[in-house]
């Protein structure tokens, strides 16, 4: 029940609505309890006195009570739905905000489909309980207590015989709820898995079609859908078994009333009106108690959903901002790594004892084979991950001592895996500076050598790009991403292989722009393009997470080491591919 209590906390600040809903549900319940008493008394009155006017008066009272009860029922339904929607809104925002604060370590392991399932299906399951379940529990409690009191006041022996079935019904409800919990947990997990399969298939639809893998992807989806279907059928079967058992348990008291109650009426210990009240109250009790089956399933699903929601909300970010973190102003751009080591887990370090110093305004190139640690190093500069050992400073200040917002405002990144939003080109460039003027956006686009292309489009900067920028080529996306980073005007600029998907002409344009862009800012470049390598103030050659060579292009060529071997190998490849002596720049 701890999960339920944690969910209820989200409706605590909505207590005025809850209080009004409780008042409405109390009025509705009391009205329902009063009507059988009035009707029973009316029957006895009619039999004893034959007063027609008394019957008319009782009919008017019953009608008025029904109207009041209906109005209260409307208030109860509307208010509880409103409060539950507000609570689910708060839960969804809290979960999303927490996701925004989690480090890359979490996303390295998490599946997008599972996260989306928690933000949608699981929160909706919690909302169903907060709307239909929470006050239903209160109403069932009021009805059971009220009906029990009224039955005992009518005939305590018959009441005890009828109410003896209540503990059995309660036990049966708890048993079914316990059986349903693991089933609903599996259902929620399979919904997330199905979402992941669907997302990967749709995002990779071009690969699927190119390799003629449609049937395999369909089979994968069908398999996940069948697993979900089987678990949902299991849940339905458990609920179906519960329903007839509840019907039997609730039907036995009615039989007792007809048998034992009939004898009580004949013996003069119970009036006909009283027996009628017994049957009506038992019918009311049966109606509310029968809800326990639906409520048990709802609680089971809510606990499963809540457990998955709080599993994320209880996850702490590996990258934490200190309570007394300082604000970093515009950085000069001096970056230093001091004996830095890092591993995504303690068993497999990615970089070891990395140390280097970069002066403001320098251009630094990071080279090395796949898995050598290049991308990890630049990720550490922005504190997407925290170092395992050592420290990183900017202008002599440990980056762990400054606020994350001010740090990342000083570091602009054009990542290798370009992500563009389903929005206009203008919106994508201005993503980091939403209030940027058009002149600033155009200036950034010109610097990234993408302005002419954008201007050639029919709608210019208002051109809508498809999901993940699918309507743009790889080089166009990369130049838009570079413009986005430049608009932020960072003191430190990081280009993670940002020229890997551009043609020779575009590369030449970007290289010309970089000559201007790097002035006044420190720039880190991960690239294998010879034109950018030669202009670097510092080249760091990495292998197996260590810096094996460092220096300028000329210095490393003279060293006759790994860099020279790599450089000459790339030069030979370029010559073979172009059929000439390669470009001299």
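The values are calculated or read from the model by the stated rules, or taken from the named source; none is laboratory data. Since the model is a prediction, treat every value here as computed from it, not as a measurement. All Cβ positions, glycine included, derive from the backbone under ideal geometry; neighbour counts span all protein chains shown.
Residues checked against (1) in contact (Cβ under 8 Å) with a residue 12 or more places away in the chain; (2) in a loop (DSSP other than H, G, I, E, B):
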{"position": "331", "(1), (2)": "yes, yes"}
{"position": "336", "(1), (2)": "yes, no"}
{"position": "352", "(1), (2)": "yes, no"}
{"position": "357", "(1), (2)": "yes, no"}
{"position": "370", "(1), (2)": "no, yes"}
{"position": "380", "(1), (2)": "yes, no"}
{"position": "387", "(1), (2)": "yes, yes"}
{"position": "407", "(1), (2)": "yes, no"}
{"position": "413", "(1), (2)": "yes, no"}
Within 16 Å of residue 495 (Cα to Cα), in contact with a helix residue (DSSP H, G or I) (Cβ under 8 Å, 6 or more places away or on another chain) and at pLDDT 90 or above - does that describe any residue in the stretch 333-356? yes
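So that you can scan it fast, the table gives a plain yes or no per residue for (1) over 30 Å from the mean Cα position of the chain (by Cα); (2) at pLDDT 80 or above; (3) more than 17 Å from residue 382 (Cβ to Cβ):
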| position | (1), (2), (3) |
| --- | --- |
| 408 | no, yes, no |
| 424 | no, yes, yes |
| 476 | yes, yes, yes |
| 480 | no, yes, yes |
Within the stretch 299-318, is there a residue that is buried (at least 19 other Cβ atoms within 10 Å of the Cβ) and either over 30 Å from residue 3 (Cβ atoms) or free of Cβ contacts under 8 Å to residues at least 40 places away in the same chain (or both)? no
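Taking helices (runs of 4 or more DSSP H) that fall entirely within the stretch 1-113, which contain at least 3 residues that are modelled with pLDDT of 80 or more and closer than 24 Å to residue 153 by Cα?
Result: 15-49, 52-101.
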Tally up the residues in the stretch 389-405 that are surrounded by fewer than 16 Cβ atoms within 10 Å (Cβ to Cβ) and either within 24 Å of residue 527 (Cα to Cα) or within 29 Å of the chain's Cα centre (by Cα) (or both), please. 2
How many of the residues making up the stretch 342-362 are surrounded by 17 or more Cβ atoms within 10 Å (Cβ to Cβ) and over 19 Å from residue 392 (Cβ atoms)? 0
Residues of the stretch 428-441 that turn out to be surrounded by 18 or more Cβ atoms within 10 Å (Cβ to Cβ) and in a helix (DSSP H, G or I), as a count: 3
